[in-house]
Amino acid sequence: MKPVLRWLMWVLLAGVALQLFFVLRIALMVVIDPQSTAFMRSEAWRIGTTSLRDDKKHWRWSQRWVDGDQISTNLKRAVIASEDAGFLEHGGVDWAAIESAWRKNARRQQQAAQRKTPSPRAPKVIGGSTITQQLAKNLLLSGERQMLRKGQELVLALMLETFLSKERILEIYLNSVEWGEGVFGAEAAAQRYFKKPASKLSAHEAARLAVMLPSPKFFETRQGSAYLAGRTSTIVARMGAVGLP
């Protein structure tokens, strides 16, 4: 029993040390802008290795940090309206949204299992993640879909909300979120799609970028899709009712 207990103790200490490391990293973000995220680094590695294997594929990377006051309020409102309407109210985790997503996913799984002709596609999974959770995942975690990683994401979201203001969370999120292949942050996205700085985005342009966020690589090559146009109009209509931190 002693070797087992000793092993469990080391596992526990390692877990505590990891959480303290995360606390320190997040606390530093109060005054230090994170210039990259775990997801950015993994994408840089993937794009770089792909470019080396494929002579026809050229390296493309665009990301530049800008302060929050250099990002259009239109984009801030559009992203909240599209991604997390309760951003100002929740404490990092929207438990009601998670429960709703859980029920919808279970229903879709059940419907897929009852089909006489199985679909070649797996049913779409709805996440229910808040902006804070998405930031926690991109900043510090791998992209693997595991229950343990999801649990750590929830803990990190609560840490972010404890140490950082809503305004700071939104600023870091908008500077680090992916908007296409090798395109990260609001400034890079505004230049990539509209040839202008993030501070000059109109309501329609901002809404269009916000709608891309769940699947940026997909919409990057489908800028003329009917869904993108229709969803953009919906977000523009919602933006007027969105408050900012």
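Bear in mind that the values in this text are calculations on the coordinates, not laboratory data. The shown structure was predicted, so the numbers you read here are calculated from the model rather than taken from an experiment. Please note: Cβ atoms are built from the backbone with ideal geometry, for glycine as well, and neighbour counts cover all protein chains shown.
Overview of results
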read-out	value
Sites T221 and V31, calculated FRET efficiency, Cβ-Cβ separation with R0 45 Å, nearest 0.05	0.70
Inter-site label distance for L24 and S62 at 7 Å from Cα along Cβ, in nm	3.7 nm
